[in-house]
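Following: one structure in structure tokens, then a few remarks.
The values are calculated or read from the model by the stated rules, or taken from the named source; none is laboratory data. Just so we're clear, the structure is a prediction, and the values are computed from it rather than from any experiment. Every residue, glycine among them, receives a Cβ derived from its backbone with ideal geometry; neighbour counts consider all protein chains shown.
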Ligand code: NDP
């Protein structure tokens, strides 16, 4: 019997939180590679918060996924047939081939994965796009100095956990914000953060102030919303804020109620000479080699560590993705596809 290609497509655009009806599992034929192409079999699929943006039609830095199109995503895949001399059957690569079992590629945008160096899933996490986001955003924009206080939210995830660990390597004090006591204990006990604050606990502003007695010099923004509200009064003069993500608002359908707080923010930027800079990881593509070398060496030496949350089966990707936006993942969320 011929193999089937299962693929998860965008069935409808969510208004607010996505639910399973916004996705559809389809079956089709496995594509055949033409001259110069390879056939890729997905082994692991990365699930990332940015995918929520691709489900919306709103203008952003990347094109949305079309209705009926395969959900976008990066995978670690195995070459299972090759008409391209650069790739052999059995090679492992990363590819942006989406939520499906198989895809063909001309080989141009593939990145080789060497399973002898590190487990292949790390190419989607600590040694992949999220890791590079943490490394470039923190070091290029945040520029932490010894003794300074670095705060990061979504701190138990792949971006935040590396931000805190690099801050420590650079001699700064790392304070993580995460949802729930278990994630906070992990930050302190396993990742070596100096302090951890539960954003679901009581009195976030008070708890954060207590964890940052000298104020905040670098705030790596992953979240926005109530967390940013708690951070803003604590930012020191000349604090740096790499604006990486705003996951608390990805499902928002309207602006929060209440008075316009923009003047408060603008006044803080002016009087405290704050530096806020948004970035997309690919802005720093020229740092990819340095990132791989340096974080690879830290990983090998045990100076950084990581945690993965592995979900079994492509069919479970929608549920896992929906859960990630609610904080149900604990570590880099990856789907084992084959
Ligand atoms: P995570 O695996 O950390 O998943 C997102 C986490 O966000 C959840 O687990 C949850 O953790 C937290 N969260 C969700 N809602 C809220 C909320 N209302 N308040 C506080 N925390 C919340 O994701 P990543 O490490 O992959 O990504 C982290 C951020 O980095 C995201 O904003 C993402 O979009 C951004 N990003 C940006 C890139 C860029 O190029 N600019 C590239 C890659 C990622 P908890 O249980 O702790 O609340």
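Tabulated values for the structure
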| item | result |
| --- | --- |
| Residues being assigned to a loop (DSSP other than H, G, I, E, B) and closer than 23 Å to residue 17 by Cα - total across segment 202-255 | 12 |
| Selection within segment 104-118 - more than 23 Å from the chain's Cα centre (by Cα) and outside any loop (DSSP other than H, G, I, E, B) | 104, 105 |
| Hits in segment 8-27 - residues which are in contact with a helix residue (DSSP H, G or I) (Cβ under 9 Å, 6 or more places away or on another chain) and outside any strand (DSSP E or B) | 11, 12, 13, 14, 17, 18, 19, 20, 22 |
| Single match in 234, 246 (criterion: at pLDDT 95 or above, under 19 Å from residue 49 (Cα atoms) and surrounded by fewer than 23 Cβ atoms within 10 Å (Cβ to Cβ)) | 246 |
| Any hit, segment 178-191, residues being surrounded by 24 or more Cβ atoms within 10 Å (Cβ to Cβ), under 19 Å from the mean Cα position of the chain (by Cα) and part of a strand (DSSP E or B) | yes |
| Test for residue 171: is it near the ligand (Cβ under 9 Å from one of its atoms) and surrounded by fewer than 24 Cβ atoms within 10 Å (Cβ to Cβ) | no |
| Subset of segment 284-301 (residues that are free of Cβ contacts under 8 Å to residues at least 12 places away in the same chain and either within 16 Å of the ligand (Cβ to nearest atom) or in the same structural domain as residue 232 (by TED's automatic domain parsing) (or both)) | 285, 286 |
| Residue in segment 257-271 that is within 15 Å of the ligand (Cβ to nearest atom), within 24 Å of residue 200 (Cβ to Cβ) and modelled with pLDDT under 95 present | no |
| Filter result for residue 45 (more than 29 Å from residue 127 (Cβ to Cβ), in contact with a helix residue (DSSP H, G or I) (Cβ under 9 Å, 6 or more places away or on another chain) and in a strand (DSSP E or B)) | no |
| Residue 278 under 23 Å from residue 238 (Cα atoms) and either exposed (fewer than 13 other Cβ atoms within 10 Å of the Cβ) or in the same structural domain as residue 171 (by TED's automatic domain parsing) (or both) | yes |
| Failed condition for residue 130, given (1) in contact with a strand residue (DSSP E or B) (Cβ under 8 Å, 6 or more places away or on another chain); (2) in a loop (DSSP other than H, G, I, E, B); (3) closer than 30 Å to residue 282 by Cβ | (2) |
| Residues being surrounded by 20 or more Cβ atoms within 10 Å (Cβ to Cβ) and more than 13 Å from the ligand (Cβ to nearest atom) - total across segment 302-335 | 5 |
| Test: residue in segment 107-121 that is surrounded by fewer than 17 Cβ atoms within 10 Å (Cβ to Cβ) and outside the structural domain of residue 96 (by TED's automatic domain parsing) | no |
| Counted residues, segment 179-208 - those being touching a helix residue (DSSP H, G or I) at 6+ places or on another chain (Cβ under 8 Å), within 15 Å of residue 229 (Cα to Cα) and within 11 Å of the ligand (Cβ to nearest atom) | 4 |
| Filter result for residue 45 (in contact with a strand residue (DSSP E or B) (Cβ under 9 Å, 6 or more places away or on another chain), crowded, with 17+ Cβ neighbours inside 10 Å and in contact (Cβ under 8 Å) with a residue 40 or more places away in the chain) | yes |
| Residue in segment 282-293 that is surrounded by fewer than 17 Cβ atoms within 10 Å (Cβ to Cβ) and farther than 26 Å from residue 166 by Cα present | no |
| Filtered residue count, segment 118-167, keeping only those that are free of Cβ contacts under 8 Å to residues at least 40 places away in the same chain and on the phi > 0 side of the Ramachandran plot | 1 |
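Yes/no per residue for (1) modelled with pLDDT of 95 or more; (2) closer than 30 Å to residue 171 by Cβ; (3) part of a loop (DSSP other than H, G, I, E, B); (4) within 16 Å of the ligand (Cβ to nearest atom):
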{"position": "40", "(1), (2), (3), (4)": "yes, no, no, no"}
{"position": "51", "(1), (2), (3), (4)": "yes, no, no, yes"}
{"position": "57", "(1), (2), (3), (4)": "no, no, yes, no"}
{"position": "61", "(1), (2), (3), (4)": "no, no, yes, yes"}
{"position": "77", "(1), (2), (3), (4)": "yes, no, no, no"}
{"position": "87", "(1), (2), (3), (4)": "yes, no, yes, no"}
{"position": "97", "(1), (2), (3), (4)": "yes, no, yes, no"}
{"position": "141", "(1), (2), (3), (4)": "yes, yes, no, yes"}
{"position": "146", "(1), (2), (3), (4)": "yes, yes, yes, no"}
